[in-house]
Amino acid sequence: MGHQIRKFIRKNPLAVVGIVIWIFFILCAVFAPVLAPYDPVAQDLSVRYQAPSAAHLFGTDSFGRDVLSRVIYGARISIPSGLLVVLLACVFGSLYGAIAGYFGKVVDEILMRFADMIMSFPAILLAMALAAALGTSVMNAILAIAVVAWPKYARMMRSLVLTVREAEYVTSERAIGQKSWVILIRTIIPNCMSSLIVLASTDVGTAILTFAGLSFLGLGVSPPTPEWGYMVSDGVTILQYWWISFFPGAAIFLVSIGANFIGDAVRDVLDPRMKTEA
Amino acid sequence: MSDPEIVAAYEAKWGLDQPLPVQYINYMKNLFQGDLGTSIRTKQPVLSDLAQYIPATFEMATFATLISIILGLLFGLLSAARHNKLPDHVLRVISLMGISIPAFWLSILCLYFFYLRLGIVPGSGRVSAEWLGASFPTGFLIFDAITYGEPDLLRDALSHLILPSFVLAASTMGILTRTVRSSMLEAMQQDYVRTARAKGLSEGRVLRHHVLKNGLIPSVTMFGLSYGSLLGGTVLVETIFSYPGIGLYAYKAASTLDFPAIMGTTLFIAAVNVLMNFFVDIIYALIDPRIRY
């Protein structure tokens, strides 16, 4: 076991960096009330726009709120949101694609043309339109991003199912009279899991970026909720107070690149055909 | 806003008193006649709004595409040629950074350093104040500046374009680097490459004639697809740089719930996306003789 871990670390140093980043931010999210030196929403106008110092490591924003505390609390929104987007898109998309692939013919045509239609829209723009229409809230932003993210899962699942469907173990189940639904859920989908996990793990970074982008545009959370994307937008017009935008943006960047480091390693391990280390 | 008479008049004016299917059919009818409706915010037809902002976005997206293709090709080829050596590892991290960096954050960092600290680029907008009143024949500033011989305008427009284009190009550059790298590596492992080496061709000739040509085919798809995602990315970048293009237009539409404008912009970019896919398919057939439609 120890030997295997050492081998993994030597072969995937970036993945280890990614895992460390994620553990760090998950701990921030869980222990935010303990770790944050100040109340993330408490305003103190007497200390607005203070540069990073010993009292405020990441400085203060235009309402005198402590940026460090807000970044720590921000992990509680960004990380679960990113994961939830991927979970929703993955579950819905893969079921959708599995149904299209398994039943084929007309069902397949209708379902996949609809998925193609969604895919032809630029993700951030469609998500923005949806979030605007649904109204500003974290859940609506998550839904909006999931709505634009699911078709790629559907596409992948469909093509996997088309291959697995012809496998002999599926034919034998059909021969003993098993119901289609049972075959689909108990046999076919589990056999497609590893490719699905690869796609999902590379998608987490994108989901977090898109969520932060929507919040940045004012379509994610409502003030004064500490959310990273929204915090970056606080500093846009006051560039000289760089710390207001810099630290929350750095948090988004770190979590996203950490997710991509991990995603690359997951792909190397689970999907030898797409090896980045070929 | 709660006066029922005003509400009823407003609903009648925008056709909102009709059942939803009827509204949809009306929208589609107008759409096929080139009518995207009237923007609630600007009170102008959405189509003429779009026409006004398209040149600016087209310039930025094209510039960004060029930057990302040049860098993506360069980095990808270098990475593949120095496979598993230091340049490959460094470029792998750089390409992942490009993909992972939030465009809006990168915009702010760039503005802080290059505009506020160093003062070598203008802060925002498309042209400096002295050109603001001027009217431009085609709206494509670079094109107008060159055809009408205005070097000052050309310099001014380019200096406004360079920063947002680079920011916009970052993520596409990362994706292209990875695509080029992996498709080149795959091409290098093919039997025909081994044959070419076996018959004694020089390494340079093998790479240029056998690997490069075959390896670039998958990348062409990415070049085409990236244009659409670049257009989507303009929403964030144009908003920060106050660059008057369709991204900024879409943002303003979304934040004021100007639905005709939101739908018009989204449809327009989706149409460009579909068109780019179509071109990719044609180019595919041209560069790969095995593909025939």
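Computed from the coordinates by the stated procedures, all read-outs in this text should not be read as laboratory data. Quantities reported herein were computed from a predicted structural model and do not represent experimental measurements. All Cβ positions, glycine included, derive from the backbone under ideal geometry; neighbour counts span all protein chains shown.
Spatial offset of segment A:55-71 relative to segment A:163-197 amounts to 54 Å, using the alpha carbon center of each. Other protein chain C-beta atoms within 10 Å of residue C-beta, averaged over B:252-262: 3.
Mean separation of Cα pairs under 8 Å and 6 or more residues apart, divided by the residue count, gives segment A:1-64 a relative contact order of 19 percent. Extension gain for the segment B:L47 to B:L257, taken as residue separation times 0.36 nm less the Cα-Cα distance, is 73.9 nm to one decimal. Only one residue of A:I244, A:P224, A:L214 has its Cα farthest out toward the positive end of the dipole of segment A:164-255, where Lys and Arg carry +1 and Asp and Glu -1 on Cβ, and that residue is A:L214.
Ordered by the number of other Cβ atoms lying within 10 Å of each residue's own Cβ, fewest first, B:H209, A:H56 fall into the sequence B:H209, A:H56.
Here is the list for segment B:1-107: trypsin sites (Lys or Arg not before Pro) lying in DSSP coil, each with at most 14 other C-beta atoms within 10 angstrom of its C-beta, are B:K43, B:R82, B:K85.
Across segment A:175-187, computed HN-Hα scalar couplings (Karplus, 6.51 cos²θ - 1.76 cosθ + 1.60, θ = phi - 60°) run 5, 8, x, 5, 6, 3, 4, 5, 4, 4, 7, 8, 10 Hz from first to last residue, x flagging Gly and Pro.
Checking the a/c ratio against 1.5 first, then a/b against b/c, what shape does the Cα gyration tensor give for segment B:144-293? In terms of gyration-tensor shape, prolate. Site pair A:V106 and B:F58 shows an inter-label distance of 4.4 nm when each label is modelled 7 Å from Cα along Cα→Cβ. The distance between label points at B:D3 and A:L83 comes to 5.3 nm (points 7 Å beyond Cα on the Cα→Cβ vector). For the protein assembly as shown, a/c is less than 1.5, where a ≥ b ≥ c are the root eigenvalues of the C-alpha gyration tensor. That puts it in the rounded class. Separation of segment B:1-24 from segment B:218-293 is 32 Å, based on Cα centroids.
For B:T38, the residues whose modelled amide H falls within less than 5 Å of its own, excluding neighbours fewer than 5 places apart on the same chain, are B:V46.
3J(HN,Hα) along segment B:76-84, derived from phi through the Karplus expression 6.51 cos²θ - 1.76 cosθ + 1.60 where θ = phi - 60°, amounts to x, 5, 4, 4, 5, 5, 9, 3, 6 Hz, with x in place of Gly and Pro.
Here the 3J(HN,Hα) profile of segment B:14-27, calculated from phi with Karplus coefficients 6.51, -1.76 and 1.60 at θ = phi - 60°, is 8, x, 7, 7, 7, x, 3, x, 5, 4, 5, 5, 4, 4 Hz, Gly and Pro shown as x. One chain, two ends: A:Y169 and A:Y49. Fully extended at 0.36 nm per residue, the span grows by 36.6 nm beyond their Cα-Cα distance. With neighbour counts taken as other beta-carbon atoms within 10 Å, the residues A:R76, B:R181 rank, fewest first, as A:R76, B:R181. With 0.36 nm allotted per residue and the present C-alpha distance subtracted, the A:I176-A:D116 stretch has 18.0 nm of extension available. Note: relative contact order over segment B:1-123, using C-alpha pairs below 8 Å and six or more positions apart, is 7 percent. For chain A, the 222 nm mean residue ellipticity estimated from helices alone, with every DSSP H stretch of n ≥ 4 adding -39500 (n - 2.57) and the total spread over all residues, rounds to -24000 deg cm²/dmol.
Peptides B:169-178, A:208-217 ranked from most to least packed give A:208-217, B:169-178, packing being the mean of other C-beta atoms within 10 angstrom over each peptide's residues. Extending 7 Å from Cα along the Cβ direction at B:I217 and again at A:T136 yields two label points whose distance is 5.1 nm. By the beta-carbon count within 10 Å of each Cβ, the least crowded to most crowded order of B:I269, A:I19, fewest first, is A:I19, B:I269.
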